[in-house]
Structure formats: C-alpha cells, structure tokens
Amino acid sequence: MRHQLIALAIGLALPAAAYANAFVNGPRGCGFLDGFDDYGPIFTVDEDHLVLSRQGLVGIEWNCDFDTPFDPYLEEGEIQIRMGYCMEPGPFVDPGVFTLMEMGDGTVQMDGSNWDQPLILQICVAP
C-alpha cells in the first residue's frame, strides 16, 4: 500500500506529457498533418511533403535519422547541430552533419553537409 501511495504521489507531481512540435516542407504546410499523438505528428507519407519530428526526417523516398533528436522547441536564431544519415531507396546511405536553425518567421532552415540547398520547413505547433 505504501508503494502505491508513493507511485501515486510521483505521478501527480509530474506534468502531463506535452506533444512536441513538428516541421513540414511541402505545399500544404502544417495542414498536411492529421494531428499529434504521444509519438509525434500523425500523417500519411506522400511525394510532396517532408516531415521533421523527433523521430527524424520522413518522406516517401527520403528519410534521415540523427544521433540525437532535434529539440522541437527552438528560440529565434537558435542553431542545433546533429550527426546522422539520410537514406534513399536502394543501397544509398549518406552520412553527414545536419543543422537546424529557427528563422523567426515561422520556419526553420535545415541543412545537410552534402546537400546543395537548405530545406525550409514550416513550424507546426503541437497542442
């Protein structure tokens, strides 16, 4: 009984888990997402959108994983740097260094060490 009361007290003292923001590149922006759950944004992968969440960067033919997830709550001008890799269909694995910078206009800029151009993603605020 005593252990149950301690567990209950700890559970009441902890804040409820908050959903983490996500970042979307594509014509529908945040409207592409179907909402959020305990694991992040809910969406169906399509050929027009890329979604960056704590799980990585996900697209229909292009996915990236990072050694440490990006923090989904950035301050304006804040830059985060991560090691990781991106994969395409087939045996194409491209390791690299990735940066994520909050631009102050509702977007983040993501760049990879082997990319020709940065990727601009809309910030989708979780409830």
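The values are calculated or read from the model by the stated rules, or taken from the named source; none is laboratory data. These numbers come from a predicted model, not from an experiment. Cβ placement follows ideal geometry from the backbone for every residue including glycine, while neighbour counts extend to all protein chains displayed. Calculation scope for accessible area: heavy atoms of the full protein, side chains included, ligands and nucleic acids excluded. Shrake-Rupley method; radii C 1.70, N 1.55, O 1.52, S 1.80 Å.
Measure off, as a whole percent, the carbon and sulfur share of the 1.4 Å-probe accessible area of the chain, all protein chains present. About 56 percent, which is the carbon plus sulfur part of the accessible surface.
The helix-based estimate of mean residue ellipticity at 222 nm for the chain, built from -39,500 (n - 2.57) per DSSP H run of four or more residues and divided by its residue count, is -3000 deg cm²/dmol to the nearest 500.
If you build a Gaussian network model of the chain, linking Cα atoms that sit under 10 Å apart, which residue out of G112, G31, G96 swings the most? Residue with maximal mean-square fluctuation among G112, G31, G96: G31. Normalised by 2.2 N^0.38 Å, with N the number of residues, the alpha-carbon radius of gyration of the chain equals 1.24. The candidates T68, T44, arranged from most to least accessible area with a 1.4 Å probe in the full protein assembly, appear as T44, T68.
Among M87, M101, M110, what's the order by accessible area (1.4 angstrom probe), most exposed first?
So the residues, ranked largest to smallest area, are M87, M101, M110.
If you run the Gaussian network model on the chain, springs between alpha carbon atoms under 10 Å, then out of V24, V51, V97 the most flexible one is V97. Net charge in the neighbourhood of M87 (other residues with Cβ under 12 Å of its Cβ; Lys, Arg +1, Asp, Glu -1) is -4. The residues packed around E61, meaning those with a beta-carbon under 12 Å from its beta-carbon, carry a net charge of -4 if Lys and Arg are +1 and Asp and Glu are -1.
On the beta carbon distance between I79 and E47, with R0 = 35 Å, the FRET formula returns roughly 0.75. Of the listed residues S53, S113, the order by accessible area with a 1.4 Å probe, largest first, is S113, S53. When the alpha carbon gyration tensor of the stretch 55-127 is reduced to an equivalent ellipsoid, its three semi-axes come out at 22, 13, 11 angstrom, largest first. Accessible area of R54 (1.4 Å probe, protein heavy atoms only, ligands and nucleic acids ignored): about 110 Å². Stretching Y39 away from D65 to a fully extended chain increases their span by 7.8 nm, per 0.36 nm per residue minus the current alpha-carbon distance.
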